[in-house]
Amino acid sequence: MIRQNDPNPFDEEEVNPFSKVATAPGSRSRVPPAASANLGFNDKYDATVDIPLDTLNDSNKKEKELAAWEADLKRKEKDIKRREDAVSKKGIPTEDKNWPSFFPIIHNDIANEIPVDAQRLQYLAFASWLGIVLCLVFNIIAVTVCWIKGGGAKIFLLAIIYALVGCPLSYVLWYRPLYRAMRTNSALNFGWFFLVYAIHICFCIVAAIAPPIVFEGKSLTGILSAIDLFSDHVLVGIFYLIGFALFCLEMLLSLWVIQVRDWNNCTFFMHNP
C-alpha cells in the first residue's frame, strides 16, 4: 500500500539560495557553500585577472626577434673582426684621412707608420710637397695681379691649370709612392719616386727661370718674367720676384731631399747597396 504522505525522492525541491531560513537538520541542500559567500571589494579573492593569450604570444615573439637580432649582430662583429685580422696578416695598411685636422683630405702619419731612421727624410719630402703647393698657389696670386694690370686672361687660366693639376699629381705621383716605400720597403715604389721626383725638380727649374715659351713665360713667376714686367708695373714685378724666390727655395729643398744621407738608413738600400 502506497503511502500518500511519503515524499517522492525524485520530486525536485525548490530551494531558494537567497533565503535566510536555515535548512532543517538532515535535509540536503543543493546550493554549494561557496555560492552563499559574500565576495566584497576587499575580500581575498576579489576578482579574476584574465591575461589574453595574444599578449603572451606577442611578448614571446618579440623575445625571439630580439634574440635573433642579437645573434645576427654578434655574427657581423665576428665577420668584421675576421676581415680585420686577415687584412693585418696580409700587411694591407688602412689609410684613414687625417690631414689637415680641420678638413682631412689625405692620410699622413709619419710618426707612427714610418721607421724612426727614415722619419727625417719623410718629413723633408713632406715639406717639399707643401712647398710646391705653396709655389703654385702663390703663382696664381701673382698672375692674377698681372692679369688685372692688363696681362691677359690666358696666363691666368694657365696658372689655375698648373695649380689644379700640379698639387694632386705631385702627391699621387711622388710623395705617396715615397711614403709607401718607406712603410713597406718596396723597391718598385722607391724607383718610381726617383723617376717622378726628377721630373718635379726639372719643373721647379723651368718655373724659376720662366723662359718665354708659353705666352712669353708670364704664366709662371720666374726671373725672366719678373725682369720683363718690372719696367712696366713695379708691383707686378715684385710679386713675380717673390714667386721666383719661392720656386728657388723649392728647388733647393728638393735637391736636399735627394742628397740627404738618411737614404743610407733605409732598409732597402742597406740590403741593396
### Message
Taking amide H atoms as placed 1.01 Å from N in the peptide plane, list the residues 5 or more away in sequence, or in a different chain, whose amide H sits under 5 Å from that of His107.
### Response
Asn98
### Message
What do you get for trypsin sites (Lys or Arg not before Pro) in segment 120-174 restricted to DSSP loop and a cutoff of at most 12 other Cβ within 10 Å of the site's Cβ?
### Response
none
### Task
Skip the ligands, DNA and RNA, and give the accessible area per residue of segment 139-210 with a 1.4 Å probe, whole Å².
46 Å²
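The values are calculated or read from the model by the stated rules, or taken from the named source; none is laboratory data. All figures in this text were calculated on a predicted structure; none of them were measured in a lab. Cβ: placed from backbone, ideal geometry, glycine included. Neighbour counts: every protein chain shown. In case anyone asks, the SASA skips ligands and DNA or RNA and just uses the protein heavy atoms, side chains included. Shrake-Rupley method; radii C 1.70, N 1.55, O 1.52, S 1.80 Å.
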